[in-house]
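Accompanying notes for the structure given below.
Values quoted throughout were computed directly from the atomic coordinates according to the rules given, and no laboratory measurement underlies them. Note that the coordinates shown come from a computational prediction; the quantities given were computed from them, not determined experimentally. Counting neighbours? That spans all protein chains shown, and the Cβs are built from the backbone with ideal geometry, glycine included.
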Amino acid sequence: MTILIIDDNKEYLLLLSQTIKKRGFEVHTALNGLSALTILSENKIDLIISDVIMFSTPIMSFTCTLKNLYPNIPLIIVSGFPSSALIENSLILGADKFIPKPLNISQLVKTINKLTAA
């Protein structure tokens, strides 16, 4: 299973990708929405994990773009600043799950498995 992780924090992106790889997943990473769209167009991606607040990417419109272009790829939105409005808007715009940071890796893996079970 191949996962795309999108986050503009390089250190966090590296840490999360290494942790996910150790769980047996193939991982691609992107620092912004444009890089993510390039990766999605060139690779088979089974699931996307994306930070909700990124410097160069308006995530709410990006969430819509992802779901319009790739409606069958599950999308997990994560944030270190979860608010009920942010969670609700993320889910309304197409996210399949919202998980607050810091991530509980066991919970994240369970969510990945649940969203990709076919």
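Results for (1) aliphatic (A, V, I, L, M); (2) part of a loop (DSSP other than H, G, I, E, B); (3) farther than 21 Å from LEU13 by Cβ, shown as yes or no for each residue.
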site	(1), (2), (3)
SER41	no, no, no
LYS44	no, yes, no
SER50	no, no, no
THR63	no, no, no
PRO71	no, yes, yes
VAL78	yes, no, no
ALA95	yes, yes, no
SER106	no, no, no
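Output the residues belonging to the stretch 67-90 that are over 29 Å from LYS22 (Cβ atoms) and surrounded by fewer than 16 Cβ atoms within 10 Å (Cβ to Cβ).
Hits for the stretch 67-90 are ASN68, LEU69, PRO71, SER83, SER84, ALA85, GLU88.
I'd like the full set of residues that are within 17 Å of ASP46 (Cα to Cα) and surrounded by fewer than 15 Cβ atoms within 10 Å (Cβ to Cβ), limited to the stretch 2-21.
Of everything in the stretch 2-21, those that are within 17 Å of ASP46 (Cα to Cα) and surrounded by fewer than 15 Cβ atoms within 10 Å (Cβ to Cβ) turn out to be THR2, LYS21.
Out of THR19, THR29, THR111, I need the residue that is under 20 Å from MET1 (Cβ atoms), touching a helix residue (DSSP H, G or I) at 6+ places or on another chain (Cβ under 7 Å), assigned to a helix (DSSP H, G or I) and in contact (Cβ under 8 Å) with a residue 12 or more places away in the chain. Which one? If you could, list the steps in order and put the result at the bottom.
Details: THR29 fails: assigned to a helix (DSSP H, G or I); THR111 fails: touching a helix residue (DSSP H, G or I) at 6+ places or on another chain (Cβ under 7 Å).
Of THR19, THR29, THR111, the one residue that is under 20 Å from MET1 (Cβ atoms), touching a helix residue (DSSP H, G or I) at 6+ places or on another chain (Cβ under 7 Å), assigned to a helix (DSSP H, G or I) and in contact (Cβ under 8 Å) with a residue 12 or more places away in the chain is THR19.
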